[in-house]
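Step one of this worksheet: look at the structure below.
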Number of protein chains: 2
Amino acid sequence: MRNIKLTIRYDGTSYSGWQFQKNSSRTIQAVIERAIKKITGEKSHLTGSGRTDAGVHAMAQVANFRTRSSIPLKNIHMALNSLLPEDIVIYRVEEAKAGFDAQRDAKSKIYRYTIMNADFMDPFLRLYAAKIFYTMDIGRMRQAAKWLIGRHDFRAFQATDGAEKNSVRTVRKIDIKKEGDLIYINIEADGFLYNMARNIVGTLVEVGRGKFSVESVKDILRARDRRRCGPTMPAKGLCLIKVKY
Amino acid sequence: MRNIKLTIRYDGTSYSGWQFQKNSSRTIQAVIERAIKKITGEKSHLTGSGRTDAGVHAMAQVANFRTRSSIPLKNIHMALNSLLPEDIVIYRVEEAKAGFDAQRDAKSKIYRYTIMNADFMDPFLRLYAAKIFYTMDIGRMRQAAKWLIGRHDFRAFQATDGAEKNSVRTVRKIDIKKEGDLIYINIEADGFLYNMARNIVGTLVEVGRGKFSVESVKDILRARDRRRCGPTMPAKGLCLIKVKY
């Protein structure tokens, strides 16, 4: 059995996320699995590094599938991109070691959240950024973010319907930068709970606009109470940038 | 009568162009005129600096309309953006001199064409760039572009159904630059014939990939024969960047 590793870029706007959700077959995973079946003739399971929610994008999602097919990598690559819709593009196709598992072997992931900090949204970014018109203090956001770095129980930042028993994760890095009217928040962690990235950003936004104090982030983390953290930011501003192995 | 000048950014993907075309009321102009009428209560004609075709975008289209309304500029601005769909955003609203006419007074326009020069399209640029997978020689394209600078009869670069009697225009500048896999072609002219920008780019692409000689551009221009120039590039790669007054 060959083990094939894919690096995938997608615009998540028209999908109900990476993985099966509710009654939708319009997921990134399902669309790629159907293309693989057309090429190899086999039904393969595609394992992604992790789920992305409905409307969330990816610059470089990583996934793998097993196949008995002997079709050369280059042909699989060309065939996949010709079968896939324009909003999903396979950037790399590689032969992986037999034991490689895109989900289990992921050491960390980097998500980027994009905020348009202006009175009006740029029409070209309307599907890729969330608008915040409040004046934002980036310095305060950076200070608050420091409380989140390290190994913590992130229960307060998990969706209320999140089902993870173990909500301890390690956040390695949070970088916040401003370029013109855009604010980029990069979060690297060994794993993300459901809605964790969007809830962290929502909380940092409350700090940035002065509604929460810088120290409140420490208290929210300790209290492990979802109701105290900021609002869940819209999915469209979130993008999976990199998966590290 | 006040004369109001608007600077407008739009994603042209879902529109049949700036101006009324065939049987569609889904034009940028019509959508903005309807919003103006809701705000001022008057039916105003919106004069754009020029038409953009179906699917063509604008970073800064300029237009003006006259009104008897005394609503302050800031309120017109906010009201327009709250009424307009997300893919049309008004960036500036100004009081113009009584005689200002966005079309007649335009001294020159700059259009930018974006080419993704790679095997695969970036899904985030699929609506804003055209893909060319041939290897492109930018140096040859720059040399060929020089033949087009100046005052010429651009009949060869006009759409076959173009109805302009006077096809003489002045091209002030053509800048071609490559950034990663992207090629940007900026064309500044005192006016553009129907499809002229897209036909110039189509011709430069033929030169860049070696199908046309550098000198052929001079011959095409002189022959004034549309059938000899390159293909019309897709609308989605074209964007009106600036109107100079």
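The values are calculated or read from the model by the stated rules, or taken from the named source; none is laboratory data. None of these values were measured; they are calculated from a predicted model. Every residue, glycine as well, gets a Cβ built from its backbone with ideal geometry; the counts of neighbours run over all protein chains shown. We work out accessible area using only protein heavy atoms, side chains counted, and drop any ligands, DNA or RNA first. Shrake-Rupley method; radii C 1.70, N 1.55, O 1.52, S 1.80 Å.
The same position B:Leu182 in the other copies lies at 0.9 nm from this copy, comparing label points 7 Å beyond Cα toward the beta-carbon, shortest first.
Just the number please: accessible area per residue for the protein assembly as shown, 1.4 Å probe, all protein chains included, in Å². Intermediate results must be reported in sequence, preceding the final value.
On the way: 22940 Å² over 490 residues.
Here the residues of the protein assembly as shown average 47 Å² of exposed surface.
Just to confirm a number: summing +1 for Lys and Arg and -1 for Asp and Glu over residues other than A:Thr114 whose beta-carbon lies under 15 angstrom from that of A:Thr114, what do you get? Taking every Cβ under 15 Å from that of A:Thr114, the sum is +2.
Checking a compactness column here: for segment B:1-79, what do you get for Rg(Cα) / (2.2 N^0.38 Å), N being the number of residues?
Taking the Cα Rg and dividing by 2.2 N^0.38 Å, one obtains 1.08.
To the nearest 10, the accessible area of A:Lys178 is 90 Å² with a 1.4 Å probe. For B:Lys178, a cut-off of 19 angstrom between C-alpha atoms picks up these aspartates and glutamates, skipping any fewer than 8 places away in its own chain: B:Asp119, B:Asp122, B:Asp137, B:Glu188, B:Glu206. For B:Arg151 and B:Ala118, the FRET efficiency from 1/(1 + (r/R0)^6), where r spans their Cβ atoms and R0 equals 41 Å, is about 0.70. Find how many whole Å separate the alpha carbon centroid of segment B:1-71 from the alpha carbon centroid of segment B:167-204. Computed from Cα coordinates, the inter-centre distance equals 24 Å. Taking label points 7 Å from Cα along the Cα-to-Cβ direction, A:Ala60 and A:Arg222 give a separation of 3.8 nm. Helix-only arithmetic for the protein assembly as shown: the sum of -39500 (n - 2.57) across DSSP H runs with n ≥ 4, divided by the residue total, places the mean residue ellipticity at 222 nm at -6500 deg cm²/dmol. With a 1.4 Å probe and all protein chains left in place, how much of the accessible area of segment B:108-244 comes from carbon and sulfur atoms, in whole percent? Summing carbon and sulfur atoms, their accessible area is 46 percent of the total for segment B:108-244.
Taking all protein chains as shown and a probe of 1.4 angstrom, A:Tyr134 keeps an accessible surface of around 90 Å². Taking a ≥ b ≥ c as the square roots of the eigenvalues of the Cα gyration tensor, the protein assembly as shown is classed as oblate, since a/c reaches at least 1.5 and a/b does not exceed b/c. Cβ-Cβ distance of B:Asp137 and B:Asn166, R₀ of 35 Å, FRET efficiency by 1/(1 + (r/R0)^6): the value works out to about 0.55.
For segment A:122-176, a/c is not less than 1.5, where a ≥ b ≥ c are the root eigenvalues of the C-alpha gyration tensor, and a/b does not top b/c. That puts it in the oblate class.
If you take all C-alpha pairs in chain A, what percent of them are over 27 Å apart? Roughly 38 percent, once rounded to a whole number.
Amide H to amide H, with H built 1.01 Å from N, A:Ser108 comes under 5 Å of A:Lys244, counting only residues 5 or more places away or on other chains. Output the 0 to 90 degree angle, nearest 10, between the alpha-carbon long axis of helix B:28-40 and the longest principal axis computed from the alpha carbons of chain B. Between the helix axis and the principal axis of chain B, the angle is about 10 degrees. Once the Cα atoms are used to define both axes, helix B:73-83 deviates from the longest principal axis of chain B by about 70 degrees.
Over all directions, the projected convex hull of the C-alpha atoms in segment B:34-141 averages 9.5 nm² in area. If one puts a single equal scatterer on every Cα of segment B:108-244 and applies the Debye formula without solvent, what log₁₀ I(q)/I(0) results at q = 0.10, 0.11 Å⁻¹? Log10 I(q)/I(0), no solvent term: -0.29, -0.35. Going through the cross-link list B:Lys109/B:Lys146; A:Lys74/B:Lys131; A:Lys43/A:Lys244; A:Lys236/B:Lys38; B:Lys131/B:Lys244, which pairs have a Cα-Cα distance over 22 Å in this structure? Going by Cα-Cα distance, A:Lys43/A:Lys244; A:Lys236/B:Lys38; B:Lys131/B:Lys244 fall outside the 22 Å limit.
In a simple Cβ point-charge model (Lys, Arg +1; Asp, Glu -1; nothing else charged), segment B:108-244 has a dipole of about 380 debye relative to its Cα centre.
Note on A:8-17: average number of Cβ atoms from other chains within 10 Å of each residue's Cβ is 2.
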